[in-house]
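I have placed the structure first, in the form of structure tokens, so that the comments after it can refer back to it.
Nothing in this text is a laboratory measurement; each read-out follows from the coordinates by a stated rule. As the structure is a computational prediction, the values presented were derived from the model and not from experiment. All Cβ positions, glycine included, derive from the backbone under ideal geometry; neighbour counts span all protein chains shown.
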There are 2 protein chains.
Amino acid sequence: MDLAAQIASIPMFEGLDASQHANLARIALEKEFSKGEVIFSEGEDAAGLYAVSIGRVKIYKLSREGKEQILHLFGPGESFGEVPVFAGGRFPAYAEALEPTRVLFFPRQAFVDLVKRDSSLALNMLADLSRRLRRFTSLIEDLSLKEVPGRLAAHLLYLSSRQGESDDLVLDLSKTQLASLLGTIPETLSRILARMAREGYIELRNNRQIRILDRESLELLASGETRLS
Amino acid sequence: MDLAAQIASIPMFEGLDASQHANLARIALEKEFSKGEVIFSEGEDAAGLYAVSIGRVKIYKLSREGKEQILHLFGPGESFGEVPVFAGGRFPAYAEALEPTRVLFFPRQAFVDLVKRDSSLALNMLADLSRRLRRFTSLIEDLSLKEVPGRLAAHLLYLSSRQGESDDLVLDLSKTQLASLLGTIPETLSRILARMAREGYIELRNNRQIRILDRESLELLASGETRLS
DNA sequence: CGTGCGCTTGACTTTTTTCAATAAAGGTGG
DNA sequence: CCACCTTTATTGAAAAAAGTCAAGCGCACG
């Protein structure tokens, strides 16, 4: 697939005409990262924004002691690194490839110029950032208002909804990474999965596969109406 | 102050010309809320966005048991309720007046039309949402990577920076509200303030006034390099 | 085939919350 | 301006949740 075609397939760039796709293609650079490679670091000067072509990228924060909080996971068609492009300054977090990944890079000034000239692109970006704010709102809610079993239950149900409402889930992250996404540590996650299994809510099939046995109870947990004995 | 002048003084609308301010003034409605009054509720259909003229507004989430997490505090010149305007759907949180408050309300469709026609307004909005994402990033970081003493220390230093780097701080929130902002409960906040005072980091002058005695130690706490004995 | 990393589990500590009682503050109407 | 009453703040004791440390297992990958 050539650059312009790749660009046309990115949701953020929907509704632009071919010449604008061509303009974007002219300023875009392709970059490749291998698994575990850092794409940018917190505090780094932001030269532009990124869109995933192939692979997956995690955006995360690190505490001084090395504990990690995942903020986002982005896959093909999703963009990241917009914040400093529009707000100025530096990257507020780290970005790292979770697997071999190819991204498109759009230099800041050229991109801003394009947004200036194209109001539908601007509205796409506004919608994009708004959706991201909404997801952050719900992450903040989860972190401060729910305890880990509730967050985990919500995540399992989310996975199920993304996998066709199936009761057989496949984790797309290691348990360590999942713990980081849920704002906890692997030991705690492990214990809570074991408790959920003991209570008959789920069945641990193997490292990466979980079967939902009692969806209602998970929903009650996720909404905070119940707690895990 | 008339509507157009009020609108011209809102940072989000900087860089627009007088005719655009007039357009905005034409679609804007003034609304008043008394202290404690709810401006909108989570899940409500979003009819437009708001900007504070006078007063203060808190944006917050509620857990099922009634625990509150404050997401934002907005004062004069600041806007809120943008997310559903651009992302569609409903308000993701509650908004409530902290004091007698006057706001401007901009109906959704009319506002979007204006953004479409004016790329500098669009860029202002993009910068605004980006800054908000950055603040959320740091709230998430705090909630999941720091414990309460660190969050409190960071907040005290933030207050100090907002009050001219003075060591004499005036809380602009009740302790209950401050606890909600920090993602904890009043009892815990009270205990940690008492501990900080016992350790000589601060002096509790009265309900709303705190003096910083040991700024360095607070900075170490806030950055997670130290913990409170 | 071995080494390492990720996962699990146990025992323990720390942090935070819960519940309850009291004290202080703030606002209101007399 | 004061007395009253409601709301807010503090403190203690106990419980719960999560994190730390350490050991052991297993699977995966080189």
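Could you tell me the distance between the Cα centroids of the stretch A:84-154 and the stretch A:1-27, to the nearest Å?
20
How large is ³J(HN,Hα), in whole Hz, for each residue of the stretch A:57-69 in order, when computed from phi with the Karplus curve 6.51 cos²θ - 1.76 cosθ + 1.60 and θ = phi - 60°, using x for Gly and Pro?
10, 10, 10, 8, 10, 10, 7, 4, 7, x, 5, 10, 10
Where is the GNM fluctuation largest for chain B (alpha-carbon springs, 10 angstrom cutoff): B:Ala95, B:Ala179, B:Ala110?
In the Gaussian network model the winner is B:Ala110.
Once the label point is placed 7 Å from Cα along Cβ, list for A:Glu165 the distances to the corresponding points in the other copies, in nm, shortest first.
6.1
What does the copy distance list look like for B:Glu219, label position 7 Å along Cα→Cβ, in nm and ordered from shortest?
Listed shortest first, these distances are 5.3 nm.
Fewest first, what order do A:Leu221, B:Leu173, B:Leu49 take by the number of other Cβ atoms within 10 Å?
Ranked by crowding around the Cβ, least crowded first: B:Leu173, B:Leu49, A:Leu221.
If you take every residue apart from B:Ile54 with its C-beta less than 13 Å away from the C-beta of B:Ile54, what net charge results, scoring Lys and Arg +1 and Asp and Glu -1?
0
When only C-alpha pairs under 8 Å and at least 6 residues apart count, what is the relative contact order of chain B, in percent?
19
For the pairs B:Lys31/B:Lys61; A:Lys35/B:Lys146; B:Lys61/B:Lys116; A:Lys146/B:Lys61, flag any whose C-alpha to C-alpha distance is greater than 19 Å.
B:Lys31/B:Lys61; A:Lys35/B:Lys146; B:Lys61/B:Lys116
Using Cα pairs closer than 8 Å and at least 6 residues apart in sequence, work out the relative contact order for the stretch B:1-95, in percent.
Across the stretch B:1-95, relative contact order equals 32 percent.
For the residues A:Arg151, A:Arg191, what sequence is obtained by ranking on other C-beta atoms within 10 Å, fewest first?
The most exposed by this proxy come first: A:Arg191, A:Arg151.
When only alpha-carbon atoms are used, what values of Rg and Dmax, in angstrom, describe the stretch B:137-229?
Over the stretch B:137-229's Cα set, Rg and Dmax evaluate to 12.0, 33 Å.
Based on Cα positions only, what radius of gyration and what Dmax would you give for chain B, in angstroms?
In Å, with Rg to one decimal and Dmax whole: 19.5, 60.
Non-local amide H neighbours of A:Ile39 (under 5 Å, H modeled in plane, Pro and chain starts lacking H): which ones?
Sorted by chain and number, the residues that satisfy this are A:Ala95, A:Glu96, A:Ala97.
Determine the calculated [θ] at 222 nm for chain B from helices alone, applying -39500 (n - 2.57) to every DSSP H run no shorter than 4 residues and normalising by the residue count; nearest 500 deg cm²/dmol.
Helix-only estimate at 222 nm: -14000 deg cm²/dmol.
If you put a point 7 Å past Cα along the Cβ direction, how far is that point for A:Pro107 from the same point in each other copy, in nm, smallest first?
Values, ascending and in nm: 4.5.
Taking N as the number of residues in the stretch A:15-123, what is its Cα Rg relative to 2.2 N^0.38 Å?
Relative to the 2.2 N^0.38 Å estimate, the stretch A:15-123 comes out at 1.10.
When only Cα pairs under 8 Å and 6 or more residues apart are kept, what is the percent relative contact order across the stretch A:182-229?
Contact order relative to length: 25 percent.
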